[in-house]
Amino acid sequence: MDKSTVAILNCQWLKRLNYKGHALNWVECIEENTSKKTGEKHWQRFVHLTNMDINSDLCVGISDTGRLCQKIENEGFNTQKNHGYALEHKYSRVDFQAMQNYYQCLQIAHIINQLVVASKTINTLLKKTLKCTEKHLWKRLLSFLSEVAIIESELMNLTSGKFQIRLE
């Protein structure tokens with residue numbers, strides 16, 4: 001929130017709603033933003049379900065955390081759809097199970113990619129040693145894998161021991 005806007009939060013909640021034997025709590029937070037310069041008002045409504053106990057002290061925090069989770073999920077989906085993972089609707093046209101399998105594999109690939117990019121080794125390559133972009137590094141890796149014969153015994157030697165990915 002910038003200093004040119006005043007925000008007022010109005011939260012309401014319902015406790016212990018029964019849903020299929022689970023006790024859930026419902027939180028609604030209406031945020032009213034008023035511009036200090038123009039006086040223009042803008043409202044946003046956020047609704048969340050949680051199993052956490054709610055009171056007046058936790059209501060705003062639960063809503064803010066829910067908004068952050070939604071942002072993270074949307075950014076991940078956007079990356080998978082528009083930035084190299086080729087997530088498209090065509091994978092769900094033939095078989096629902098096949099679509100689920102494909103999406104789970106895509107999710108695993110995305111998680112591995114995020115861990116690798118956050119590692120100290122790859123960050124050093126990107127910033128200091130090779131001074132290249134992440135996209136260029138992946139292109140070089142794909143080129144290497146398509147041109148070089150990989151010997152199974154050497155690959156087994158590399159992966160047989162324990163190793164760590166240290167995050168930066």
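Inspect region 121-132 for any residue being in contact (Cβ under 8 Å) with a residue 40 or more places away in the chain, within 22 Å of G76 (Cβ to Cβ), aliphatic (A, V, I, L, M) and touching an Asp or Glu at 6+ places or on another chain (Cβ under 9 Å) and give the result as yes or no.
no
Condition check ((1) more than 15 Å from the chain's Cα centre (by Cα); (2) part of a helix (DSSP H, G or I); (3) surrounded by 12 or more Cβ atoms within 10 Å (Cβ to Cβ)) across all residues:
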site: L68; (1), (2), (3): no, yes, no
site: K71; (1), (2), (3): no, yes, no
site: T79; (1), (2), (3): no, yes, yes
site: G84; (1), (2), (3): yes, no, yes
site: V94; (1), (2), (3): yes, no, no
site: Y102; (1), (2), (3): yes, yes, yes
site: Q107; (1), (2), (3): no, yes, yes
site: H110; (1), (2), (3): no, yes, yes
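Please tell me if E32 is under 14 Å from G66 (Cα atoms), open to solvent by less than 100 Å² (accessible area, probe 1.4 Å) and of a type in the set (D, E).
For E32, the condition - under 14 Å from G66 (Cα atoms), open to solvent by less than 100 Å² (accessible area, probe 1.4 Å) and of a type in the set (D, E) - is not met.
State all residues of region 38-55 that are in a loop (DSSP other than H, G, I, E, B), under 19 Å from Q12 (Cα atoms) and without any contact (Cβ under 8 Å) to a residue 24 or more places away in the chain; if no residue qualifies, say none.
Across region 38-55, the qualifying residue is only N55.
Out of region 35-62, which residues are closer than 22 Å to K3 by Cβ and either among the hydroxyl-bearing types (S, T, Y) or surrounded by 14 or more Cβ atoms within 10 Å (Cβ to Cβ) (or both)?
Selection gives S35, T38, V60.
Looking at (1) among the polar types (S, T, N, Q); (2) over 20 Å from I108 (Cα atoms); (3) loosely packed, with under 11 Cβ neighbours inside 10 Å, can you tell me which one N25 breaks?
(3)
The values are calculated or read from the model by the stated rules, or taken from the named source; none is laboratory data. This one's a predicted model, so the numbers in the text were calculated from it and none came from an experiment. Neighbour counts run over all protein chains shown; Cβ positions are idealised from the backbone, glycine included. Protein only, heavy atoms only, side chains kept; ligands, DNA and RNA dropped before computing areas. Shrake-Rupley method; radii C 1.70, N 1.55, O 1.52, S 1.80 Å.
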